[in-house]
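As structure tokens, the structure follows; a few thoughts come after it.
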Amino acid sequence: MLEQTVLAGFGGQGVLMMGKLLASAAMDEGLYASWLPSYGPEMRGGTANCIVVVSDEEIGSPVSDACDAIVVMNQPSLEKFESKVRPDGTLIINKSIVPVETTRKDVNAHYLEADDIAEKNCDANRSANVVMLGALQSVRQILKSDSVRRAIACSFKSKGQQVIDANLAAFAAGTNALRTEPIGPTR
């Protein structure tokens, strides 16, 4: 098993944290994980992305031209990375910020209003990244949800139980957001 995922958005959207949570959950399951961040020099508002590779064997390289899944939090990330998802791969788009749809007809595209879902379920859209992580979990199911929940609890432990609970609620909301959506190539 080898799963390559790109997570992309603006700095400050929690893209790198999403990647850390995925990698931590994979390691919790005894899998190999690679997390490769990339970000601009800006504190917030610049570009940010990371590649997470999860495997049951040692990972030779974290870089790939054809990823299994791409999660985009903003339109520039969609424009930059939609070509990097392999045919029949997964593309998850934050419809709260991205007003356009993918041009790809050979991928499984999913749209959700992550910022709105986070605002409704967690009283803050700061958890939109964890909503998107939940959506990724619901359609890819590479890791166990319990492993991701443990990674969330561990990563936010220093911020207190209220922050942990808000992020667990965001993860659950994202997981449930796409369950009723049919899975398959886009229209």
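The values are calculated or read from the model by the stated rules, or taken from the named source; none is laboratory data. Here the structure is a predicted model, which is why all the values come from computation and not from measurement. Cβ coordinates were reconstructed from backbone atoms using ideal geometry, including for glycine residues, and neighbour counts include every protein chain displayed.
Look through Leu136, Leu112 and report the one residue that is surrounded by 22 or more Cβ atoms within 10 Å (Cβ to Cβ), of a type outside the set (S, T, N, Q) and closer than 15 Å to Ala23 by Cβ. Full working, then the answer.
Values: Leu112 fails: closer than 15 Å to Ala23 by Cβ.
Result of the check over Leu136, Leu112: Leu136.
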Open item on the list: Being of a type outside the set (A, V, I, L, M), part of a loop (DSSP other than H, G, I, E, B) and touching a residue at least 40 places away in the same chain (Cβ under 8 Å) is the requirement here; does Gln13 meet it?
Closed with: yes
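Every residue, every condition in (1) modelled with pLDDT under 95; (2) surrounded by fewer than 17 Cβ atoms within 10 Å (Cβ to Cβ), yes or no:
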| residue | (1), (2) |
| --- | --- |
| Met18 | no, no |
| Ala48 | yes, no |
| Gly60 | yes, yes |
| Val63 | yes, yes |
| Ile70 | no, no |
| Pro87 | no, yes |
| Val107 | no, no |
| Cys122 | yes, no |
TODO: Report yes if some residue within region 27-39 is part of a helix (DSSP H, G or I) and either in contact with a strand residue (DSSP E or B) (Cβ under 6 Å, 6 or more places away or on another chain) or crowded, with 19+ Cβ neighbours inside 10 Å (or both); otherwise report no.
DONE: yes
TODO: Considering (1) in contact with a Gly (Cβ under 7 Å, 6 or more places away or on another chain); (2) free of Cβ contacts under 8 Å to residues at least 24 places away in the same chain; (3) among the acidic types (Asp, Glu), say which one Asp68 fails and leave the rest.
DONE: (2)
